[in-house]
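To start, the structure under review is shown below, and the notes come after it.
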Amino acid sequence: LVFGDFEFEVDVTGQGKLNLKNNQDFNKEFAAMYDYANIDFVNFEYEPTFNKNGVAYIYADEDAFIYEVTEDGAKEISGLAWDEDYEAWTFKTRTLKSYAISDVELDEKTVTEDKDDASSTTDGGKENPDTGR
């Protein structure tokens, strides 16, 4: 098993400098939440954000489980898919964060809040001067 190989393709035209410092340090706090799993990590210390979306490739086994690492635990990565041609897990993102590569499925501890927020506001949260809101 080869874990932790990572690649990111993005158009950097007009992009300012970003700190891409990364490591594969073991996250003891995160791993303690999932003591039943063997987990490897890819960590971008400064969570660099690019001007454009890019494609991230995590070279792990097809039967691996990939998550975003948060303080609260594992979070599903939106759009994560297995790419047969690259033999890698891929997803689109602008911001590189920390990722967990697990040999078993992890119980997600982080609920994506974006979906709830978007559906509760019908006007997108913008003020409408005609109604006085």
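The values are calculated or read from the model by the stated rules, or taken from the named source; none is laboratory data. All of these numbers come straight from a predicted model, not from anything done at the bench. Using ideal geometry, Cβ is built from the backbone for each residue, glycine included, and neighbour counts are taken over all protein chains shown. Side chains are part of the model used for accessible areas, which takes the heavy atoms of the whole protein and leaves out ligands, DNA and RNA. Shrake-Rupley method; radii C 1.70, N 1.55, O 1.52, S 1.80 Å.
Within the stretch 14-43, restricting attention to residues that are closer than 14 Å to Ser98 by Cβ and acidic (Asp, Glu), the residue that is surrounded by the most Cβ atoms within 10 Å (Cβ to Cβ) is Asp40. Scanning the stretch 17-44 for residues that are under 12 Å from Val69 (Cα atoms), free of Cβ contacts under 8 Å to residues at least 40 places away in the same chain and outside any helix (DSSP H, G or I) yields one hit, Phe26. Here Glu71 meets the list (1) at pLDDT 95 or above; (2) more than 30 Å from Thr13 (Cβ to Cβ) almost entirely, failing just condition (1).
When Ile77 is tested against (1) over 12 Å from the mean Cα position of the chain (by Cα); (2) part of a loop (DSSP other than H, G, I, E, B); (3) surrounded by 15 or more Cβ atoms within 10 Å (Cβ to Cβ), exactly one condition is not met: (1).
Regarding Glu47, is this residue in contact (Cβ under 8 Å) with a residue 24 or more places away in the chain, open to solvent by 20 Å² or more (accessible area, probe 1.4 Å), on the phi > 0 side of the Ramachandran plot and not in a strand (DSSP E or B)?
Values: in contact (Cβ under 8 Å) with a residue 24 or more places away in the chain: yes; open to solvent by 20 Å² or more (accessible area, probe 1.4 Å): yes; on the phi > 0 side of the Ramachandran plot: yes; not in a strand (DSSP E or B): yes.
Spelling it out, Glu47 is indeed in contact (Cβ under 8 Å) with a residue 24 or more places away in the chain, open to solvent by 20 Å² or more (accessible area, probe 1.4 Å), on the phi > 0 side of the Ramachandran plot and not in a strand (DSSP E or B).
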